[in-house]
1. For K189, list long-range residues whose amide hydrogen, built 1.01 Å from N in the peptide plane, is under 5 Å from its own amide hydrogen.
2. What is the diffusion coefficient of the chain in µm²/s, taking the Kirkwood radius over Cα pairs and the Stokes-Einstein relation at 20 °C with a viscosity of 1.002 mPa s?
3. Carbon and sulfur: what percent of the chain's accessible surface (1.4 Å probe)?
4. If you take the square roots of the eigenvalues of the alpha-carbon gyration tensor of segment 162-211 and sort them as a ≥ b ≥ c, do you get rounded (a/c under 1.5), prolate (a/b over b/c) or oblate?
5. For segment 26-82, compute the orientation-averaged projected area of the C-alpha convex hull (one quarter of its surface), in nm².
6. Given the pairs K93/K124; K24/K181; K5/K75; K124/K181; K36/K181, which are separated by over 21 angstrom at their Cα positions?
7. What ³J(HN,Hα) values, in whole Hz, does the Karplus curve 6.51 cos²θ - 1.76 cosθ + 1.60 give for segment 33-50 when θ = phi - 60°, with x put for Gly and Pro?
8. Pop out the ³J(HN,Hα) list for segment 169-185 in order, Karplus 6.51 cos²θ - 1.76 cosθ + 1.60 with θ = phi - 60°, rounded to Hz; leave Gly and Pro as x.
Amino acid sequence: MSNSKSLLSIKNLSIETDQLRLIKNFNLELKAGECKGISAPTGTGKTTLFNYIAGLLPQKEYTITGELVKAPDLKIAYVFQEPRLIPGLSALKNVMLPLENILEPERAISASRIWLERFKLSNKANALPNNLSGGEQQRVNLARAFAYLGATTGSEGLLLLDEPFASQDEENAQNIQSLIKEMLFMQKKSALIISHDKPMLQQICSEVYGV
């Protein structure tokens, strides 16, 4: 692992607003094949950190110091804490969305069905999001991210997973953990996970940080 390429490096990162310091002198390095976790109380800036890594933080609203270095052309699949599915599209169509410009249509459909099956959702392919439970919606969200990184074979990829085990029973939580581990065996992939379930993080991650 020590010889793996660094995909993400954060040095002395601080993020604050006029009223609140959210992140203070945070350091992290993530290499290909690694999974690291972040577990801290609500309101301590974990999601803000993920938004910054993903390039989604409106920087004019924050004061940011420190260094963030991502591997060139790093592919990021961000699974938000709340499922962000398109209401008018089926589970299958939601998973297919990031694949449509990467794969031929038949391959995109096939890959999406495979990932729905792997997340135990094969019987929900045609269901609309509002007909799915919260846990099922989140697994569709996860399937979409995994399908995207799975389709970028050979590219450096990062899974950003915000509370991926929430709303899941034990069987599904363990299955999600297994699929994360499997993704890390793919060349040039890594994962960074936020979870309040610290024991679960300790099972899968090489390190668990506070912020």
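The values are calculated or read from the model by the stated rules, or taken from the named source; none is laboratory data. Predicted model, so just to flag it, every value in this text is computed and none were measured. In this analysis, Cβ positions are derived from the backbone assuming ideal geometry, glycine residues included, and neighbour counts consider all displayed protein chains. When the accessible area is computed, the model is the full protein with side chains, heavy atoms only, and any ligands, DNA or RNA have been set aside. Shrake-Rupley method; radii C 1.70, N 1.55, O 1.52, S 1.80 Å.
1. G33, G157
2. For these conditions, the coefficient is 122 µm²/s.
3. It is 45 percent, rounded to a whole number.
4. Oblate.
5. 5.0
6. K24/K181; K124/K181
7. Each residue of segment 33-50 in turn: x, 9, 10, 10, x, 10, 10, 7, x, 4, x, 9, x, 4, 5, 4, 4, 4 Hz.
8. Rounded to whole hertz, the list is 6, 4, 4, 6, 4, 5, 5, 4, 4, 5, 5, 5, 4, 5, 4, 5, 6.
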